[in-house]
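Trainee: Sharing a structure, written as C-alpha cells. Questions coming.
Readers should treat all values here as calculations from the given coordinates under stated rules, not as data from a laboratory. The structure presented is a predicted model; accordingly, all values stated were derived computationally and were not measured. Every residue, glycine as well, gets a Cβ built from its backbone with ideal geometry; the counts of neighbours run over all protein chains shown.
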Amino acid sequence: MEKAQAEIAKREQQMADPNLFSKNPARFSTLAAELEKLRASITKMEEEWLELEMLREEIEG
C-alpha cells in the first residue's frame, strides 16, 4: 500500500504543474488514468485488509 501511495503522490505532484495540460495534454491524460488505477488498487487493498482483519478477529474469538 505504501508503494502505491508514493506513486500517487508522485503523479499528483506532476499534475500540480498548472501548465501541464496546455504543454502536454497527452501526459496529463496518462497521469490522470494512472492515478485512477492506483486509487482503485489502494481501495481494493484496503478492502482485502479489512476482510482479513475481520477473519482474524473471528478466529481469535
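Trainee: Ranking R39, R11 by Cβ neighbours within 10 Å, fewest first, what do you get?
Mentor: So the residues, fewest neighbours to most, are R39, R11.
Trainee: Considering only I42, S22, M1, whose Cα is most displaced toward the positive end of the charge dipole of the chain, charges sitting on Cβ of Lys, Arg (+1) and Asp, Glu (-1)?
Mentor: Ranked along the dipole, the leading option is S22.
Trainee: Taking the chain as a Gaussian network, Cα atoms linked when under 10 Å apart, which of E51, E34, E12 shows the biggest mean-square fluctuation?
Mentor: It is E51.
Trainee: Additional query: For L38, L55, L20, L31, what's the fewest-to-most ordering of other Cβ within 10 Å of each Cβ?
Mentor: With the fewest neighbours first, L38, L55, L20, L31 line up as L55, L20, L31, L38.
Trainee: If one takes the longest principal axis of the Cα atoms in the chain, at what angle in degrees, from 0 to 90 and to the nearest 10, does the Cα axis of helix 2-15 lie?
Mentor: For helix 2-15, the angle is close to 20 degrees.
Trainee: Length gain on complete extension for the stretch E36 to L55, per 0.36 nm per residue less the alpha carbon to alpha carbon distance?
Mentor: Length difference between fully extended and current span is 4.0 nm.
Trainee: Using the C-alpha atoms of region 2-60, what convex hull volume per residue, in cubic angstrom, is computed? Write down the numbers at each step before the final one.
Mentor: On the way: hull volume 3.5 nm³, N = 59.
Cα convex hull per residue, to the nearest whole number: 60 Å³.
Trainee: Could I ask something else about it? With +1 on each Lys and Arg Cβ and -1 on each Asp and Glu Cβ, how big is the dipole of the chain about its Cα centre, in debye rounded to the nearest 20?
Mentor: Result for the chain is approximately 720 debye, rounded to the nearest 20.
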